[in-house]
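Chemist: This structure is in structure tokens; I'll ask about it shortly.
The values are calculated or read from the model by the stated rules, or taken from the named source; none is laboratory data. In this text the structure is predicted, and so the values were computed from the model without any measurement. For neighbour counting, all protein chains shown are included, and Cβ atoms are generated from backbone atoms with ideal geometry for every residue, glycine included.
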């Protein structure tokens, strides 16, 4: 049975008086088998679920452990007990051509249990097989004949070509969409395309306006120093960066003008000096981005990339003579593909704890969004500050210990973007003999420990508030200074936003604060692009706005990538702090057509 086509599904329709034949019962079995295998292939894929280890017992024999696998058509393959095989007795041994071979496992059906056929259609066939045993076949094949697994290319990754010739291919690869505020990995991929004895050196600078590297810079230095590879060999270098919390929905990654050089065997070679990779910036989490891309793959795409009908268990290296052979090596560590079965998830989590630091696995309790149960308080019209209040609850883990840190969720304070001050108090129930109340609600701002002497209900905690100015929200962190048996801590909060500028009659102190373009003047060709980075002097990084001071002077994006016009000239770019426009600087682009002699 070669069940390569599982759909469309067709099941029996029963009605009164229907005569059932063997074909009807076979259709019944086929329907349920195909349904199960269809689900197996989509939900689990192909590979080993458990067991099926391969070991060399001696120079001539191998041991294959019991285990379970699923092949590329969703069929379960079970070896119910460990088996020992002499290699020369395994199917396919006589057809081997090389010393590098693969030991494989395949689903197989055997007809068993002969019975006397009462109503036989063939008069010469007195007996029929009464059962089908779902069995397996172990066989050998040359490793070079194992077909490569073909997977459909998705749009999750985007690639920028840095170099491509008869000897090397160099690409910069990263996700086509990134989550704001999250880390993202990019890969510099170098592949050798020829057998020529040649080395590669390459240097270049990528400008990443909406990202920052671990040092907070908006550039990545690409360095390939005297790399020597064999034909078909691939070398990869990883670069990690963080997507910034910017308002833009997309950004471009470009090569810095004049930064590119490449050499093969110390000989200068021509390479592209322009690169532009468009990256989408999203507010959704990375897991959602991945789920969207995986779910976008349709059934035809999955069918084209279907797996083979066998499972590769191990690669063997043989030493053979004209009359004998010896098993020199058995390797299954990089051959098997394992299926992550849900039933093993708890054990998998337990094992993973041995590879994670405690800080990485500490449970952080995120509260539900704070209850916005208060209206803005307008103290007075005109120049009064805006005020918002509310209450948030932070649930603690069971038996929270001293020093454990818990966080609230991200809370929108309702005052919009900008510089907002947020104060958090601790709310508790206290006994107030002076007021004659057995219990009264009280809020403590500051250190609760100062009021804890006669109040058993006061929990000594430290609090901190992180205000996300560009998002109009804040996050609260809490650390108990004693062991706590409370399940929930309640914190009233107050957010205050003062008017900008001189609305309160108070002049802002801008003395000593300034910004400057990292490259104040750049010479570039027409239609070329350049990122104008910014340096901050005596101030924290802030949101930046770019604008051209005259029309028909090119284009500039929200993240600072300037594209020159087709006309030569000197063009000015104004750069200023979005919330403090008085802090600004200027940059200039000298645009010349390619081939123009700058000295003349």
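Chemist: Which of the residues spanning the range 387-403 are at pLDDT 80 or above and either part of a loop (DSSP other than H, G, I, E, B) or farther than 16 Å from residue 491 by Cβ (or both)?
Modeler: Residue satisfying the conditions is 387 alone.
Chemist: Of 48, 77, 115, which residue is in contact with a strand residue (DSSP E or B) (Cβ under 7 Å, 6 or more places away or on another chain) and either in a loop (DSSP other than H, G, I, E, B) or surrounded by fewer than 20 Cβ atoms within 10 Å (Cβ to Cβ) (or both)?
Modeler: None of the others qualify; the one that does is 115.
Chemist: Out of 86, 18, report the one residue that is over 30 Å from residue 319 (Cβ atoms) and over 31 Å from the mean Cα position of the chain (by Cα). I'd like the intermediate steps shown before the answer.
Modeler: Working: 86 fails: over 30 Å from residue 319 (Cβ atoms).
The unique qualifying residue is 18.
Chemist: With respect to the numbered conditions (1) out of contact with any helix residue (DSSP H, G or I) (no Cβ under 9 Å at 6 or more places or on another chain); (2) farther than 16 Å from residue 337 by Cβ, which one is the sole condition not fulfilled by residue 53?
Modeler: (2)
Chemist: Criterion first (under 41 Å from the mean Cα position of the chain (by Cα) and at pLDDT below 65) does residue 419 satisfy it?
Modeler: The answer is no for residue 419.
Chemist: Go through the residues of the range 480-500 one by one and say whether even a single one is out of contact with any helix residue (DSSP H, G or I) (no Cβ under 6 Å at 6 or more places or on another chain), outside the structural domain of residue 572 (by TED's automatic domain parsing), at pLDDT below 70 and at positive phi.
Modeler: No, every residue in the range 480-500 fails to be out of contact with any helix residue (DSSP H, G or I) (no Cβ under 6 Å at 6 or more places or on another chain), outside the structural domain of residue 572 (by TED's automatic domain parsing), at pLDDT below 70 and at positive phi.
Chemist: Taking the criterion of being surrounded by 14 or more Cβ atoms within 10 Å (Cβ to Cβ), within 30 Å of residue 283 (Cβ to Cβ) and at pLDDT below 90, would at least one residue in the range 251-263 satisfy it?
Modeler: Checked against the condition, which is being surrounded by 14 or more Cβ atoms within 10 Å (Cβ to Cβ), within 30 Å of residue 283 (Cβ to Cβ) and at pLDDT below 90, the range 251-263 yields at least one hit.
Chemist: Residues to consider are 133, 102; find the one that is part of a strand (DSSP E or B), farther than 19 Å from residue 54 by Cβ and either at pLDDT 90 or above or not assigned by TED's automatic domain parsing to the domain that holds residue 41 (or both).
Modeler: So the residue among 133, 102 that is part of a strand (DSSP E or B), farther than 19 Å from residue 54 by Cβ and either at pLDDT 90 or above or not assigned by TED's automatic domain parsing to the domain that holds residue 41 (or both) is 133.
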